[in-house]
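The values are calculated or read from the model by the stated rules, or taken from the named source; none is laboratory data. Being a predicted model, the structure only gives us computed values, none of them experimental. All Cβ positions, glycine included, derive from the backbone under ideal geometry; neighbour counts span all protein chains shown. With ligands, DNA and RNA removed, areas are computed over all heavy atoms of the protein, side chains included. Shrake-Rupley method; radii C 1.70, N 1.55, O 1.52, S 1.80 Å.
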Amino acid sequence: MDLLTQQAQRIYENDSVFQLAIAEQHRLDSIRQDSILLDSLKTINKDIVYLPPAVARIAIEKSWIKDEEQDREDVLLAIRNYHSPWRKGATVMLQMTQNYVSPNWYQGGNTSFAMLAIAQGYINYQSDKFTWQNSGEWRGGFSTISGDTCHKVNTTEDYFRLYTKAGYEFYQNMNAIVSGEYMMNLLPTYRENSNEMKTAFASPIRMNLAVGLDFRPVQGLSIVINPLAYKLVYVWKTEHTNPNDFGVETGQNLLSEVGSSVRLDYLWKPVREFLLDTRFYMYTNYRRVEIDLEVNANFIINRFLSARVTLHPRYDNTIILEGDEKAKMQFKEFLSIGFTHQFR
């Protein structure tokens, strides 16, 4: 009887229909396993900590899994992150806009080129009540200048920023925090048709230290209120730049003061191909105010290409102006398309 069973088994193993049935069974087992992973992720998803924008702007879609269309790789990554107190990641982006107009073009116009490079990274720690979040970012933007006879290319965006925040949750969605931010310019920028510098290396350096509360009423929104905020501005090359542009008195290179600040970060990702990243910051020394709003709309084209629209209005009357001149609203806008890559 055993011999007949073994012979029958050999016949079935050599049968193509039997092999197809085995392959189909393996496929169904894989689908079933994916379904189990998705169900388990939905169960633990509510416990996965929200990563604030300053820490994990690019990793948001890896921390929130909301639908079954997410890739199996992302599901596995989220489950692995759930079992580890550390989160880390990075992204690089190189985007540009360009047009060429010949000198004899019948409608006139000027040739232009603009490029924006961004490198971001984050690493943070999460326990039941304690969080420690750290991020770094560098931006470099360059463009040709129409009508500028002194410079063919100028720097339009330049800063290096480090941000850290430690918080302890003492109530639901409410954290007591200590935060610090460091920003520094690396490249020189010039005024149009002039060799006078607007900024230079380490001119300025900005540092903010704050103690306050971090309130997260809904997923994706972080509201930080700092009753106590320390602001420091240092201008290294005062002989090449005007320190008044940064609120520093003439003849000095340092501004140190205490005030209050409010910071709001909001990430909205309705679909996988779109991410809206908004940051609002306000600081006051109880005499003057600095308000900064940055809205970034990121459109995912494919794995390596993306488009980005940035709107950046700003108002700052902490700068020192001559005579009766008053501070005015500042505004910057940038539209680009290019290469993006994420590291996980």
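Based on the reciprocal of the average 1/r between different C-alpha atoms, the Kirkwood radius for the stretch 103-176 equals 16.3 Å.
Computed over the stretch 165-264, the range of Cα coordinates on each principal axis works out to 54, 25, 16 Å, biggest value leading. With 0.36 nm allotted per residue and the present C-alpha distance subtracted, the ASN285-SER260 stretch has 8.3 nm of extension available.
Efficiency by 1/(1 + (r/R0)^6): what FRET value for VAL92 and GLU325, r their Cβ-Cβ distance, R0 = 56 Å, to the nearest 0.05? E between VAL92 and GLU325, to the nearest 0.05, is 0.85. Residue separation of SER127 and PHE201 scaled by 0.36 nm, minus their Cα-Cα distance, works out to 22.8 nm of gained length. Every Cα-Cα pair of the stretch 255-344 was included, and the share exceeding 18 Å stands at 59 percent. Please report, as a whole percent, how much of the solvent-accessible surface of the stretch 180-272 comes from carbon and sulfur atoms (probe radius 1.4 Å). The nonpolar share, carbon plus sulfur, comes to 62 percent. Across the options PHE304, VAL262, PHE280, the greatest Cα extent toward the positive end of the charge dipole of the stretch 252-323 (unit charges at beta carbon of Lys, Arg, Asp, Glu) belongs to PHE304.
Within the stretch 190-344, all pairs of alpha-carbon atoms sorted by distance into 5 Å bins from zero give the percentages 2, 8, 13, 15, 17, 15, 13, 10, 5, 2, 0.
Which chymotrypsin sites (Phe, Trp or Tyr not before Pro) in the stretch 249-332 pass both tests, a DSSP loop state and at most 16 other beta-carbon atoms within 10 Å?
TYR286, PHE304
In the context of the full set of protein chains, the stretch 216-322 has a per residue accessible area of 51 Å² (1.4 Å probe).
For the residue pairs LYS152/LYS269; LYS88/LYS152; LYS231/LYS328, the C-alpha atoms sit more than 32 angstrom apart in LYS152/LYS269; LYS88/LYS152. Summing Cβ point charges (Lys, Arg +1; Asp, Glu -1) relative to the Cα centre of the stretch 120-191 gives a dipole of roughly 120 debye. In order along the stretch 259-275, the phi-based Karplus estimate (6.51 cos²θ - 1.76 cosθ + 1.60, θ = phi - 60°) of 3J(HN,Hα) comes to x, 9, 8, 10, 9, 10, 10, 9, 10, 10, 10, x, 9, 5, 8, 9, 9 Hz; Gly and Pro are listed as x.
Place a point 7 Å from the Cα of LEU293 along the Cα-to-Cβ direction; which residues of the stretch 194-229 have their backbone N under 19 Å from it? Output list for this probe position: 221-225. In loop segments of the stretch 243-328 as defined by DSSP, the GluC sites (Glu not before Pro) with at most 14 further C-beta atoms inside 10 Å of their C-beta are GLU249, GLU273, GLU322, GLU325. What does the charge add up to near PRO313, with Lys and Arg as +1, Asp and Glu as -1, over the other residues with Cβ less than 13 Å from its Cβ? Charge balance in the 13 Å sphere: -1.
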